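J.: I'd like to ask some things about the structure below.
The values are calculated or read from the model by the stated rules, or taken from the named source; none is laboratory data. Please read all numbers here as calculations on a predicted model, not as lab measurements. Every residue, glycine among them, receives a Cβ derived from its backbone with ideal geometry; neighbour counts consider all protein chains shown. All accessible areas refer to the heavy atoms of the entire protein, side chains included, with ligands and DNA or RNA removed. Shrake-Rupley method; radii C 1.70, N 1.55, O 1.52, S 1.80 Å.
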Amino acid sequence: MTEGAKQQARMRAKSAAAAAKASAKDDAEGMDFLMTRRTKWVTIYIPLSVIVFILLFPFYWMTLTALKPNAELLDMETTSPLWVAAPTLSHIFHVIFETDYPVWMWNTMMVSVVATFISLVASVLAAYAIVRIRYKGSQWVGGLIFLAYLVPPSILFIPLSVIVHAYGLFDTPMALILTYPTILIPFSTWLLMGYFKTIPYELEECALIDGASRTQILLKIVLPLAVPGLISAGIFSFTLCWNEFIYALTFISTTSNKTVPVAMLSEFVDGDIYRWGSLMAGALLGSLPVAILYSFFVEHYVSSMTGAVKE
């Protein structure tokens, strides 16, 4: 290429870059013109402020009530309900050191982790079998599994309690560990079915041609690509186990075996007397693990989404 041709190529490249920069600037100015200050307040700032207020106010109220002394909790005429004049840690100290709250927290954590693990294993196998293994009626099976999720626990806990008593599991953590998957597996399977469908089937065909088994394909190809779906199903299952109330109230009677939601209601409510300071302190401490779990896995969820394979 001659020197003149090179010079012309450089000039064309500069002209194209300048045109692209001018076009981007015009687009930005056009968007700025459309997004006036009033429009931003109506479409962005005010809706975000309302959402943040609705989401954070319950935590503010729990923290406020947990820090209020009993005198302020009972005196609603001379003290403001939205602020605390003399904060105290007595309620938090009472919950942690003078009750079995650490034991309840351990029971809740153990049941939630084990039940979530069992549900994820079963859901992965069921979802993969329905989506990837071609057989007659697979779509009907997936629909029936999702319909099982729609059955309310208020109907299921009666027959499940008979089974729990028959197998001698009443008043043990195993009663919750084995019954929670009945409400976790259907939704987790339905969620993973939708995510497995986004993974190209050609990847599995290539692995089958190379001699890989179904187990190897599931463990080495499908699961690494389905990490965001697994995280979503795991968070859903863990949160549902952590907050579940009906089964825990029905199957557990001993104080030392109770989970946090049931123990807070049964141990800090005496007839028509509600110990609000202790109740809110326990609720605040009980919500921290779930909040930490969400804050930790949000970053992993977003980063995994960038590596997911789409059809």
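J.: Got a number for residues in the range 262-275 being modelled with pLDDT of 85 or more and touching a Ser or Thr at 6+ places or on another chain (Cβ under 8 Å)?
T.: Summing the residues that are modelled with pLDDT of 85 or more and touching a Ser or Thr at 6+ places or on another chain (Cβ under 8 Å) in the range 262-275 gives 1.
J.: Could you tell me how many of the residues in the range 109-133 are in a helix (DSSP H, G or I) and surrounded by fewer than 20 Cβ atoms within 10 Å (Cβ to Cβ)?
T.: Count: 11.
J.: Count, please, the residues in the range 81-95 that happen to be part of a loop (DSSP other than H, G, I, E, B) and in contact (Cβ under 8 Å) with a residue 12 or more places away in the chain.
T.: Qualifying residue count, the range 81-95: 8.
J.: Can you tell me which residue is nearest to Pro87 (Cα to Cα) among those in the range 37-55 that are modelled with pLDDT under 90 and open to solvent by 100 Å² or more (accessible area, probe 1.4 Å)?
T.: Taking the candidates together, the pick is Leu55.
J.: Something else about it: Does the range 274-289 hold any residues that are of a type in the set (Phe, Trp, Tyr) and either in contact with a Pro (Cβ under 7 Å, 6 or more places away or on another chain) or not in a helix (DSSP H, G or I) (or both), and which are they?
T.: Passing the criteria: only Tyr274.
J.: Now for a different question. Tell me which residues, restricted to the range 261-277, are open to solvent by less than 10 Å² (accessible area, probe 1.4 Å) and either within 27 Å of the chain's Cα centre (by Cα) or within 22 Å of Ile163 (Cα to Cα) (or both).
T.: Val262, Ala263
J.: Next up: Scan (1) of a type in the set (Ser, Thr, Tyr); (2) over 30 Å from Trp276 (Cβ atoms); (3) surrounded by fewer than 19 Cβ atoms within 10 Å (Cβ to Cβ) for the single condition Ser253 breaks and write down its number.
T.: Unmet condition: (2).
J.: Inside the range 134-183, can you point out the residues that are at pLDDT 80 or above, in a loop (DSSP other than H, G, I, E, B) and either open to solvent by less than 80 Å² (accessible area, probe 1.4 Å) or touching a Ser or Thr at 6+ places or on another chain (Cβ under 6 Å) (or both)?
T.: Those that are at pLDDT 80 or above, in a loop (DSSP other than H, G, I, E, B) and either open to solvent by less than 80 Å² (accessible area, probe 1.4 Å) or touching a Ser or Thr at 6+ places or on another chain (Cβ under 6 Å) (or both): Val151, Pro152, Gly168, Leu169, Phe170, Asp171, Thr172, Tyr180.
J.: Could you tell me whether any residue of the range 68-80 is surrounded by fewer than 17 Cβ atoms within 10 Å (Cβ to Cβ), assigned to a loop (DSSP other than H, G, I, E, B), among the basic types (Lys, Arg) and out of contact with any helix residue (DSSP H, G or I) (no Cβ under 6 Å at 6 or more places or on another chain)?
T.: So far as the range 68-80 goes, no, none of its residues is surrounded by fewer than 17 Cβ atoms within 10 Å (Cβ to Cβ), assigned to a loop (DSSP other than H, G, I, E, B), among the basic types (Lys, Arg) and out of contact with any helix residue (DSSP H, G or I) (no Cβ under 6 Å at 6 or more places or on another chain).
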